[in-house]
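To start, the structure under review is shown below, and the notes come after it.
The values are calculated or read from the model by the stated rules, or taken from the named source; none is laboratory data. All values reported here derive from a predicted model rather than from experimental measurement. Quick reminder, even Gly has a Cβ in these numbers, built from the backbone with ideal geometry, and neighbours come from all protein chains shown. Heads up: the accessible areas ignore ligands, DNA and RNA and are worked out on the full protein's heavy atoms, side chains in. Shrake-Rupley method; radii C 1.70, N 1.55, O 1.52, S 1.80 Å.
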Amino acid sequence: MPHTSTTARTFCLSDFDFDLPPELIAQHPAPERSGSRLLDGSASAPTDRIFRDLPGLLKAGDLLVFNDTRVMNARLFGEKATGGKLELLIERVLGGNQVAAHLRVSKKPAIGDTMSLVSAPGHPDNVSATLLGRWPDANGALFRFVLANDAGDDPYTLMARHGHVPLPPYITHTDSAEDAQRYQTVFAKNLGAVAAPTAALHFDNTLLAQLDAMGVQRAHVTLHVGAGTFQPVKTENLSEHQMHSEWYEVPVAAQQAIADCRARGGRVVAVGTTTVRTLESWALSGQPTGDTCIFITPGFEFRVVDALVTNFHLPKSSLMMLVSAFAGHEHIMALYAHAIRERYRFFSYGDAMLLTRALSGPEAG
């Protein structure tokens, strides 16, 4: 039976903290995608499984909803005219060869300055970035650049050729050929993310075929995951946190698949918190596409998602708050304590868990 929660309470930042041994932060993916571990948290007591056991936890008529975003090679390195090193992490491609990016540099360049970017071996085509200002406005956290090279290529082409896989800050090795393949889902399609929808990394084509054969349906939405997904919440009062913004789309085919699932009595199973944010943003706003800065904390009333496949999240992160809102705070903290005891692997390249929505919804505590 799904767990229930009846005590309403007010949560603060410290409620979502936990001690994680650093050696449990996965630095590389499991040898096989579906060979990761799966902590089944769908009942009151946790059960240790392997990810390829997932079909046995679903039934014909259920609908798996995936985020089909594709990760860009969004990290570019370069230097200023003075020789100072810099790093760009491109968050969004704008019009006219412009991009919005995070900038890491010891001393910020002046507006109008052009910086040379490091070309990929064998492609000396004079890539550069010229600073135009802040984004999305004069006080924005990101910077707006024009990217250019000798051939006049667009930013997507330049990133594909010269960029690096934007591995999360807690993965300490430089990106490799393994990362180029494994930090991408097998069905990645719509280019625009700077972080992978990591719960979906566990699905391989064999597992998807098995799910298809047993009558589990599939639908795809898109949310271009931003680097803000890794930012810890810093305000003890959660209502003071300013959530980052990400672009999403719920296509007509996905809307129809959800309606059909509801009609036949199946469950909508979101794969990943990015899918939850997409579906619940659509339900809340009525808009099938746009920018969302939805911040899901305990007390949130879920309208679409019945079950969730997700990885393990950072302490004090907005994603810890989302899963606590979904499955109940006490239940989540108990599952995390179990995962740490049992040496599960955490974060983007880590293991997964399966959750069902707490029956009390708004009072999950």
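If you rank D17, D150, D175 by how much accessible surface each has, with a 1.4 Å probe, what is the order from largest down? Kindly include the intermediate steps, with their values, before the conclusion.
Details: D17 70, D150 110, D175 50 Å².
Ranking D17, D150, D175 by accessible area, largest first, yields D150, D17, D175.
Give me the base-10 log of I(q)/I(0) for the stretch 99-258 at each q in 0.08, 0.15, 0.19 Å⁻¹, Debye formula, one uniform scatterer per Cα, rounded to two decimals. Results for the stretch 99-258 at q = 0.08, 0.15, 0.19 Å⁻¹ read -0.34, -1.08, -1.42. In deg cm²/dmol and to the nearest 500, what is the mean residue ellipticity at 222 nm of the chain if only DSSP H runs of at least 4 residues count, each as -39500 (n - 2.57), divided by the residue total? Taken over the chain, the calculation gives -6000 deg cm²/dmol.
Residues of the stretch 36-58 falling in the label zone of R341, defined by backbone nitrogen less than 18 Å from a point 7 Å along Cα to beta-carbon, are 38-49. The packing ranking of peptides 166-174, 178-186, highest mean first, is 178-186, 166-174, where packing means the average number of other beta carbon atoms within 10 angstrom of each residue.
By DSSP, the beta bridges lying fully in the chain are antiparallel in about 70 percent of cases. The convex hull of the Cα atoms of the chain, projected and averaged over all directions, covers 18.6 nm². If you take the Cα centroid of the stretch 49-117 and the Cα centroid of the stretch 176-222, the two points sit 17 Å apart.
Find the Cα radius of gyration of the stretch 205-294, compare it with 2.2 N^0.38 Å by division, and give the number to two decimals.
1.28
At a Förster radius of 22 Å, what calculated FRET efficiency corresponds to the Cβ-Cβ distance of Q242 and L284, to the nearest 0.05? Mind dumping the intermediate values first?
Working: r = 18 Å, r/R0 = 0.82.
That gives a FRET efficiency of 0.75.
For D19 and T172, a Förster radius of 22 Å and the Cβ-Cβ distance give a FRET efficiency of 0.65, rounded to the nearest 0.05.
Residues of the stretch 265-305 with an amide N closer than 19 Å to a point placed 7 Å from the Cα of K59 along the Cα-to-Cβ direction: 265-270, 305.
Between the beta carbons of T235 and R262, assuming R0 = 35 Å, the FRET efficiency works out to 0.45 to the nearest 0.05. Site pair D154 and R134 shows an inter-label distance of 3.0 nm when each label is modelled 7 Å from Cα along Cα→Cβ. A straight chain from Q27 to M214 at 0.36 nm per residue would run longer than the Cα-Cα distance by 63.9 nm.
Share of carbon and sulfur in the accessible area of the stretch 37-155 stands at 51%, probe radius 1.4 Å.
How many lysine pairs in the chain, separated by 8 or more positions in sequence or lying on different chains, have Cα atoms less than 18 Å apart? List each step's numbers first, then the result.
Numbers: K80/K107; K80/K108; K85/K107; K85/K108; K234/K316.
Count of close lysine pairs: 5.
What number comes out for accessible area per residue over the chain if the probe is 1.4 Å? Units Å², please.
42 Å²
Quick one: with all protein chains in place, what share of the accessible area of the stretch 168-306 is carbon or sulfur, to the nearest percent (1.4 Å probe)? The C+S portion of the solvent-accessible surface of the stretch 168-306 is 50 percent. Across the stretch 149-158, rounded Karplus estimates of 3J(HN,Hα) from the backbone phi angles (6.51 cos²θ - 1.76 cosθ + 1.60, θ = phi - 60°) give 8, 4, 8, x, 5, 7, x, 4, 5, 5 Hz, Gly and Pro being marked x.
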